[in-house]
Amino acid sequence: MKKNNQEIKFPEGFIWGAATSSYQIEGAWNEDGKGESVWDAICHTKKVIHNGDTGDIACDHYHLYKQDVQLMKKMKLHAYRFSVSWPRIFPTGKRKINSKGVEFYDNLVNELIANDIEPFITLYHWDLPLEFNKIGAWESREVVNAFVDYARFMFDKFGDRVKKWITFNEPLVFAVWFQFLGLYGKKDIAAGMRMTHLVNVAHAKAIEAYRDSDNSDGLIGITLNLDPVYPKTESSRDKEAATIVDGIINRWYLDPVLKGIYPSDTLALLEKYFNFPSIPDEDLELLKDNPLDFLGINNYSCTRVNLEKPIESPIDFYKILLPIKPEENVEVSDVGWEVYPNGLYDLLKRVDKDYNHPLIYITENGMACKDENIVDNVVQDDDRLSYLQRYLEAASRAINEDVNLKGYFVWSFLDNFEWIEGYSKRFGIIRVDYETQERMWKKSSLWYRDVIANNGFNFS
Ligand code: GCO
């Protein structure tokens, strides 16, 4: 594995990018006709966000986008992955279009292209139009249809210039994990798992709409957050737990979008403990008939599981999903996630093998750090730099073993609103001073710029 001063080279044409999402950076939450999203409402009304922070202003990217694109250019980014705020386009989710919102994304896309940066658009990074909470959010087929109309509008309006589309970002997180926080008014894993199925239906229908559009010469996929799952010990019970957890957090999302099926072991457990309804055959047909072009993978860490007693009830089931705290001596990020670069290698190899060699982009990978030390206007984030080196080395090993990985997006381009952690956690390779909106380079972004320029780096 690790050799001293190893030269890591990426294949020609490898895409180097950075990622963000609308609610996390844009601000301008109620400007120019934008409608409210569930995240506006969560931040304004629920007391779940660290320090009462909101995305009202965030990085003020809505106003500072030109300056941000110039920074991307300096960094030599090939591509920028961002998401579109659905209620900025359709304030109530459907029908009435907000032309000012459309104009913002038009300007952003044009600005990127004028600077040789390819836009990768995520259609949905969690900011659901608030109106849809009244009708059950992702439990409603009406929302599915509204999403497809919104997607169709986006393909028609931007598809001439945008050639990479991502339907959804991380269904596991917004549909399942957020249920535990009661963000949709209830706490129920089964409701979350049902939602993920409708999200998959929306994903397949959006792909269908893309292929039918006049601009269908690009690529469309989905972004899943995936974690390699390891049993804590070699005991058969821990191994069984690892298979169960792998079903819930990985295969439940991979199987439908890559094979048009749901994993039977996970389905059986959900039926047994949560009265899970059967999945209509026509939905599975729809998924089979609309395969994706690429898989976006978000990976930061790994999941380790152990099972103290056999699963006999829904409560036991919940328990195995609770993350085990990493041991004292394990390296963790500022959000407490284990740093385990080889996990990315394992994950890529496994997806490649089990899902028939798909085209993959890593759509997010990065590290939250304290970033307290600033010297000569550069944040000394050596820990992030080392993290990125090691994760990229693992990615490159997978590519050398023929995994079809064609691009990498660091999370994140900027420090930003980290959901329930508010602004307390920094993931950016560019620092944001939230008082002045000043951007500042970090060691990691200076290094990343060189990696892009050299299509590789010296791994020491
Ligand atoms: C997610 C999102 C990002 C996060 C990032 C760090 O994975 O939750 O896609 O919005 O900010 O992953 O947690």
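Tabulated data
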| quantity | calculated |
| --- | --- |
| Meets criteria (of a type outside the set (A, V, I, L, M, F, W, C), closer than 23 Å to Ser21 by Cα, surrounded by fewer than 19 Cβ atoms within 10 Å (Cβ to Cβ) and touching an Asp or Glu at 6+ places or on another chain (Cβ under 9 Å)) for Asp415 | no |
| Qualifying residue in segment 212-225 (condition: over 20 Å from Ile311 (Cβ atoms), modelled with pLDDT of 95 or more and part of a helix (DSSP H, G or I)) | yes |
| Unique residue being part of a helix (DSSP H, G or I), of a type in the set (Val, Ile, Thr) and more than 15 Å from the ligand (Cβ to nearest atom) when the list is Val148, Val173 | Val148 |
| Tally, over segment 92-147, of residues that are within 29 Å of Leu198 (Cβ to Cβ) and among the polar types (S, T, N, Q) | 6 |
| Qualifying position, being at negative phi, more than 16 Å from the ligand (Cβ to nearest atom) and not in a loop (DSSP other than H, G, I, E, B), among Lys325, Lys319, Lys309 | Lys319 |
| Test: residue in segment 289-296 that is at pLDDT 95 or above and assigned to a helix (DSSP H, G or I) | yes |
| Single residue of segment 423-455 satisfying the filter (surrounded by 17 or more Cβ atoms within 10 Å (Cβ to Cβ) and of a type in the set (Gly, Ala, Ser)) that is nearest to Phe82 (Cα to Cα) | Gly428 |
| Cross-chain or 6+ apart pairs with Cβ under 7 Å, segment 376-405 first and touching a residue at least 24 places away in the same chain (Cβ under 8 Å), then polar (S, T, N, Q) | Gln380/Asn373; Asp381/Ser444; Arg384/Ser444; Leu385/Ser444; Leu388/Ser444; Tyr391/Asn365; Ala394/Asn342 |
| In segment 360-375, the residues that are more than 14 Å from the ligand (Cβ to nearest atom) and touching a residue at least 24 places away in the same chain (Cβ under 8 Å) | Ile360, Lys370, Asp371, Ile374 |
| Meets criteria (of a type in the set (A, V, I, L, M, F, W, C), part of a loop (DSSP other than H, G, I, E, B) and more than 16 Å from the ligand (Cβ to nearest atom)) for Ile261 | yes |
| Leading residue by the ranking (nearest to the ligand (Cβ to nearest atom)) among those in segment 402-460 that are assigned to a helix (DSSP H, G or I) and of a type in the set (S, T, N, Q) | Ser444 |
| Residues that are aromatic (Phe, Trp, Tyr), surrounded by 23 or more Cβ atoms within 10 Å (Cβ to Cβ) and away from the ligand (no atom under 12 Å from the Cβ), drawn from segment 152-170 | Phe155, Trp165 |
| Segment 104-122, residues that are in contact (Cβ under 8 Å) with a residue 60 or more places away in the chain and more than 20 Å from the chain's Cα centre (by Cα) | Phe104 |
| Extreme residue, nearest to Ser235 (Cα to Cα), among residues of segment 319-332 that are surrounded by 14 or more Cβ atoms within 10 Å (Cβ to Cβ) and touching a residue at least 40 places away in the same chain (Cβ under 8 Å) | Ile320 |
| Residue check for Ala206: among the small types (Gly, Ala, Ser) and out of contact with any Ser or Thr (no Cβ under 7 Å at 6 or more places or on another chain) | no |
| Members of segment 291-306 found to be of a type outside the set (A, V, I, L, M, F, W, C), within 15 Å of the ligand (Cβ to nearest atom) and within 27 Å of Glu234 (Cβ to Cβ), listed by number | Asn299, Tyr300, Ser301, Thr303 |
| Where a residue in segment 172-191 is closer than 16 Å to Ile49 by Cα and its partner, wherever it lies, is within 13 Å of the ligand (Cβ to nearest atom) and modelled with pLDDT of 65 or more, with Cβ under 6 Å and at least six apart | Phe174/Trp126 |
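The values are calculated or read from the model by the stated rules, or taken from the named source; none is laboratory data. A quick note: this is a predicted structure, and the numbers were derived from the prediction, not measured. Ideal geometry is used to build each Cβ from the backbone, glycine not excepted, and the neighbour counts take in all protein chains shown.
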